[in-house]
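Below: the structure, in structure tokens.
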């Protein structure tokens with residue numbers, strides 16, 4: 001019975017070796033590919049995306065340094081219309097260039113990323129946080145401005161190359177604007193003395 | 001039960017007989033009902049951990065230390081699931097089928113001696129009774145498939161019935177060998193006949209082949225891999241228990257595992273020496289040691305069955321039936337002849353040699369004859 | 001005539017009555033299984049343990065399954081209810097027949113004084129086997145031959161297949177036709193109609 005049944009016994013030997021090896025072998029921690037959630041999480045690639053978030057430049061004053069100017073381009077371009085923006089106005093009714101209300105309905109958002117593509121101020125970006133389960137289906141799944149606002153350091157942490165490119169672009173734009181302002185200031189005639 | 005009855009009689013001499021008998025019966029039944037479903041729960045945990053480690057992943061490790069309470073969590077989950085019965089299903093038969101699946105397995109455990117003198121009922125026809133009630137579980141498969149009013153369930157049920165009925169024959173014939181040599185159908189006599197060094201029947205040539213035949217038959221009757229076509233996850237939806245959910249499904253699983261436990265216990269009794277082992281004998285300590293031996297052997301068999309499940313692929317249904325009718329059945333008949341030769345040839349070494357040679361030769365011949373059936377290439381008529 | 005006898009008798013009679021009165025065939029069969037179980041219980045009461053176990057093994061494990069297969073393969077899958085007309089509306093003919101037969105059997109049993117009194121001891125399998133092999137060896141062998149003949153007959157019936165009227169050509173036979181060509185007259189080509197032949 002050597003040829004017949006030998007494969008079966010070989011198979012048994014392989015699995016037995018694997019079974020005991022998974023307890024005693026040297027490289028067993030890497031061999032067991034289970035990610036023990038929630039203590040460990042599987043690594044996600046940099047380009048993965050789930051829902052949008054808003055970037056703030058200074059973590060100490062997130063609301064003040066928000067990049068978003070409430071231009072509402074993303075609200076108009078969003079295909080399922082999951083964004084709702086209300087511009088912040090001061091006491092006289094003059095618009096401050098930042099949102100007062102910025103709601104994203106997670107149950108509607110289809111994670112297409114169009115809002116990111118059309119934003120002219122690099123203020124809305126795609127997050128990759130997938131732990132968004134809530135205990136309700138309606139109001140609990142709407143994210144408001146405080147939830148959406150995350151600092152630039154967070155953006156660098158989750159998407160380093162993209163954040164570096166965005167920062168370089170913003171710096172280049174700022175330098176160009178500063179150079180233009182300096183050139184305009186130099187070309188301007190000296191101010192008239194007050195009469 | 002008789003042991004408990006005698007012990008109680010020694011303890012409480014004034015009590016009436018029927019009370020002592022009733023208490024002894026309750027103790028015996030309670031032991032069976034508590035221990036073997038407990039072993040079933042343990043097997044579910046061991047299977048998940050064992051298969052996980054074989055497959056380079058961890059099994060359950062959240063509920064309790066190393067996941068030991070996972071069966072409790074599973075039980076609670078399945079108890080709280082909604083019990084869906086299809087509207088056109090035959091309600092009465094649909095309800096009875098899981099019951100008919102579980103009860104024969106529990107009945108077969110009644111004649112298994114778990115320790116020295118500890119058998120629930122010492123029937124004269126012990127082994128025959130165990131096999132008789134095991135065959136009654138065929139009806140459950142059929143009832144489940146029929147009552148669901150689902151063509152796929154029925155197909156799965158027919159395949160399951162064909163498989164169980166085919167494998168009953170070599171199983172019973174391999175048990176016949178043991179009965180021939182022992183001369184009695186009672187399980188206690190069978191175990192007692194295996195006393196002595198290497199006295200277990202599995203160490204004799206007909207016993208080794210008989211153990212192999214019996215294990216194949218037991219695995220196939222319970223529907224475990226590699227014979228789990230009726231209920232494998234990737235087969236005909238879920239076979240005969242497609243339309244079952246909630247506790248009835250759990251009862252089917254329990255029935256399957258309990259049937260395999262019952263058959264393995266009978267196999268341990270007949271071939272592996274039951275509760276015999278160094279240190280098992282009369283007296284309280286000896287009885288406890290004998291119980292330990294029995295459960296150790298049973299757990300060893302369970303470990304091997306789980307190991308086999310994690311290793312071998314599934315047999316196709318025609319390969320399954322061919323294996324039963326073309327390999328196991330002739331081998332079991334030749335096994336009977338070999339056992340007869342072993343028993344009746346006056347000189348022991350010649351008897352051993354003749355029967356071992358006969359069995360080895362028949363194994364070789366049968367594998368050569370069946371070889372083509374296994375590795376034949378399928379021919380497809382519609383392609384070139 | 002203890003309580004066990006009456007309980008078992010009730011179960012047996014209930015099974016028998018249900019087996020002939022149910023509308024659904026599978027329910028009838030399950031009631032018949034209950035009847036077999038009751039009879040097995042009676043055998044246990046009569047200390048014929050071997051016969052009881054064999055009753056369960058053969059009748060429930062084999063005969064009931066056989067009847068189930070027969071029902072399943074001859075009825076449509078969804079199960080048919082037996083129409084009332086086949087049973088006949090006249091229940092009293094059945095009752096009269098049953099009464100006549102029961103009366104005859106009772107008279108015959110009571111009139112026969114030569115039966116041995118039941119000894120009360122269990123029939124040992126060993127004695128059964130010895131008797132079977134010594135005194136009744138020839139009928140045993142005749143029964144074995146009968147069973148073998150039945151087995152062979154069943155296998156022959158199951159194996160025999162009528163030849164297919166339009167068999168596809170086996171590998172290597174027949175010439176492949178280019179696709180799109182109309183087939184010849186039906187009598188000539190054995191590949192039958194359609195453009196499906198010769199899909200090389």
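The values are calculated or read from the model by the stated rules, or taken from the named source; none is laboratory data. What you see is a predicted model, and the numbers here were worked out from it, not measured in a lab. Using ideal geometry, Cβ is built from the backbone for each residue, glycine included, and neighbour counts are taken over all protein chains shown.
Quick rundown of the values:
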quantity	calculated
Filter result (surrounded by 11 or more Cβ atoms within 10 Å (Cβ to Cβ) and over 30 Å from residue A:75 (Cβ atoms)) within the stretch A:31-64	A:31, A:32, A:34, A:35, A:36, A:41
Residues within the stretch C:20-37 that are more than 14 Å from the chain's Cα centre (by Cα) and either within 9 Å of another protein chain (Cβ to nearest Cβ) or modelled with pLDDT of 90 or more (or both), tallied	6
Residue that is farthest from the chain's Cα centre (by Cα), among those in the stretch B:281-333 that are farther than 26 Å from residue B:47 by Cα and outside any helix (DSSP H, G or I)	B:283
Count of the stretch B:214-225 residues which are surrounded by fewer than 24 Cβ atoms within 10 Å (Cβ to Cβ) and under 27 Å from residue B:278 (Cα atoms)	1
Residue in the stretch C:69-90 that is more than 10 Å from chain B (Cβ to nearest Cβ), at pLDDT below 80, farther than 27 Å from residue B:93 by Cβ and surrounded by fewer than 18 Cβ atoms within 10 Å (Cβ to Cβ) present	yes
Filter pass, residue C:182 being over 30 Å from residue B:325 (Cα atoms), surrounded by fewer than 10 Cβ atoms within 10 Å (Cβ to Cβ) and at pLDDT 60 or above	yes
Test: residue B:89 is farther than 24 Å from residue B:271 by Cα, more than 14 Å from the chain's Cα centre (by Cα), within 12 Å of chain C (Cβ to nearest Cβ) and crowded, with 20+ Cβ neighbours inside 10 Å	no
Elements of type helices (runs of 4 or more DSSP H) contained in the stretch B:1-96, each with 2 or more residues being at pLDDT 85 or above	B:17-54, B:70-79
In the stretch A:16-30, residue surrounded by the fewest Cβ atoms within 10 Å (Cβ to Cβ) [restricted to those that are within 8 Å of chain B (Cβ to nearest Cβ) and closer than 9 Å to residue B:53 by Cα]	A:23
Flag if residue A:147 is under 14 Å from the mean Cα position of the chain (by Cα) and farther than 18 Å from residue A:48 by Cβ	yes
Test for residue B:74: is it touching a helix residue (DSSP H, G or I) at 6+ places or on another chain (Cβ under 9 Å) and either within 11 Å of chain C (Cβ to nearest Cβ) or closer than 16 Å to residue B:37 by Cα (or both)	yes
Residues satisfying the stated conditions in the stretch B:120-144, i.e. over 26 Å from residue B:252 (Cβ atoms), assigned to a helix (DSSP H, G or I) and either at the interface with chain C (Cβ under 8 Å from one of its Cβ atoms) or over 18 Å from the mean Cα position of the chain (by Cα) (or both)	B:128
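Here is a yes/no grid of residues against (1) assigned to a helix (DSSP H, G or I); (2) more than 14 Å from chain B (Cβ to nearest Cβ); (3) at pLDDT 80 or above; (4) surrounded by fewer than 12 Cβ atoms within 10 Å (Cβ to Cβ):
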site	(1), (2), (3), (4)
C:39	yes, no, yes, no
C:42	yes, yes, yes, no
C:47	no, no, yes, no
C:52	yes, no, yes, no
C:62	yes, no, yes, no
C:104	yes, yes, yes, yes
C:114	no, yes, no, yes
